[in-house]
1. When the label point is put 7 Å from the Cα of residue A:256 along its Cα-to-beta-carbon vector, which residues of segment A:202-233 have a backbone N closer than 19 Å?
2. Need one number: nm distance between label points at residue A:53 and residue A:21, each 7 Å from Cα along Cα→Cβ, rounded to one decimal.
3. Using a Förster radius of 60 Å, what is the FRET efficiency between residue A:231 and residue A:336 based on their Cβ-Cβ separation? Nearest 0.05, please.
4. At 0.36 nm per residue, minus the direct Cα-Cα distance, what do residue A:211 and residue A:33 gain on full extension? Give it in nm, one decimal, please.
5. Filter the trypsin sites (Lys or Arg not before Pro) in segment A:349-418 down to the DSSP loop ones having no more than 12 other Cβ atoms within 10 Å, then list what survives.
6. Rounded to the nearest percent, how much of the accessible area of chain A (1.4 Å probe, protein heavy atoms only) is carbon and sulfur?
7. Grab the Cα-Cα distance for residue A:65 and residue A:191, subtract it from 0.36 nm times how many residues apart they are, and report the gain in nm with one decimal.
8. As I understand it, the value is the acute angle between the Cα axis of helix A:374-383 and the longest principal axis of the Cα atoms of chain A; what does it come to in degrees, rounded to 10?
Amino acid sequence: MAAFLPPRGMRDFYPEEYRLRETIFTAWRDAARTHGFESYDAPVVESMELLERKAGEEISEQIYTFQDKSGRRLALRGELTPSLARMINARQRELAFPLKWSAIVQCFRYERMTRGRKREHYQWNLDIVGEESVMAEAEVICTAVDALQRLGFSCSDLQVRVGSRALLGELFALCGLVPEQYSACFLVLDKRGKIADEEIASLLADAGISKSRIGPILDMTSIRTLEEAQSRAGASSRAISDLRELFTVAEPMGFRDDLVFDISIVRGLGYYTGIVFEAFDTGRKLRAVFGGGRYDNLLSLLGGDRMPCVGLGFGDVVVAELLAECGKTPRTSPRVDCAVGFMDAASRDIAMRVAACARQSGRECDTTLAPEKAKVFFKRANRIGAQHAIFIGPDEAATGRIHVKNMATGVQVECSIEGLAASLSAGKDQDTDSTDGHQ
RNA sequence: GUGGGUGUAGUUCAGUUGGUUAGAACGCCAGAUUGUGGAUCUGGAGGUCGAGGGUUCAAAUCCCUCCAUCCACCCCA
């Protein structure tokens, strides 16, 4: 038994797991780049003060906190948004808005673990800062759906459920609530279906909401369609027209089929102000794969000018589970263009020359570090996924003629060291010709 | 934090009412093949049975404590 394990909730990535992680990261990066997002990064350690300024959350219980040797109160970030807000605020006069930023960062959370939830995960963040219109929501969702497609998912696997805090706010106002009471109502509605209505009623009462209004609030969760919502909110509802516009533009953007209106989506984070959304697997067996929404007040809350923002967070843990659940986990194996080995000390320098030659021609090349038997070398070459294997023994060292073995076909061709690049290319063409003909 | 499950080889797991030297598969190593991988065959290595304590002539097995881990709830990225 291993004496040491990773700290609770933390993960090691062995090469096999690392390859899966890279597959996910690549889908994220490619989708972001394809949609014109710029990459950025921020420190994994932030000041507690920044995190605490983010209203309405009992953070310090749930994040890793510590003091540095000067007594500064610091924390491992639990999410990237406060750092983003800090960065934007610091250069609010110089940045050109709207801007579209993407980052893949590791976030930490000190909490109990369950399925799909560790104490650390990698999260892809997409944010659009400085855009008032619902095009910002459309663009981040479209980009996230793009990434899902790159991983092999289709709209039959996932649904993006869209709600709106702005809509709920309008409906609350019609019930006679004041804005200060909204956030308590959001949290309570989020619990609808999880706890009994009587408990919800008493929670609302605790928030200072009079009895006569509790019924109408609970009743809101029975709204199923946008039309129904409109009939309550009224024809002039800004929230409804935003939602309608999102669904409309999703059509030409290609993700209309993934969208579903769901008034019960409110999200746990306190800073959301408008449209909010979460993507779930169709079977609803797992947690949200990604989620996000509009947070127009966070930057001003942290000392900047008011700035409309839309953000999206997409974690690696749940999507990996969903890949497994759907049988779509890509089968990855190690791969390298060629491997070079040598039989004895006298052959070493020729082998290294051959390897250098291969690398100069742009090939990936693994080399044996010590003399080994041919059998051991070829076995290892096979294991590391070498497409070609070149074994140097006394004969090759003496004549300068080397044998390039195509590991897929077993065919071995002889060439000079200078002719190596050509042989590797020839073998490569052969490989692709011999496959099913794709690409 | 609550409830339940599980801890045996590198991995996944068997292991009978407590009873002799704890097994299998896969993986690993070696040989068959002294310069050629994947397939096959043969052999080998590898275990303080999660830790500590208790009951017993005898504990992987029963009891207690702790630790780890998984699932559900709670909470949330």
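The values are calculated or read from the model by the stated rules, or taken from the named source; none is laboratory data. This structure is a prediction, so every number in the text was calculated from the model and none was measured. Glycine gets a Cβ as well: all are built from the backbone with ideal geometry, and neighbour counts include every protein chain shown. Accessible surface areas use protein heavy atoms only, side chains included; no ligands, DNA or RNA. Shrake-Rupley method; radii C 1.70, N 1.55, O 1.52, S 1.80 Å.
1. A:225-228
2. Going from the residue A:53 label point to the residue A:21 one covers 3.2 nm.
3. Rounded to the nearest 0.05, the efficiency is 0.45.
4. Taking 0.36 nm per residue and subtracting the Cα distance, the gain is 59.0 nm.
5. Qualifying residues, ordered by number: A:373.
6. 51
7. Computed gain between residue A:65 and residue A:191 is 42.5 nm.
8. With both axes taken from Cα atoms, the answer is about 20 degrees.
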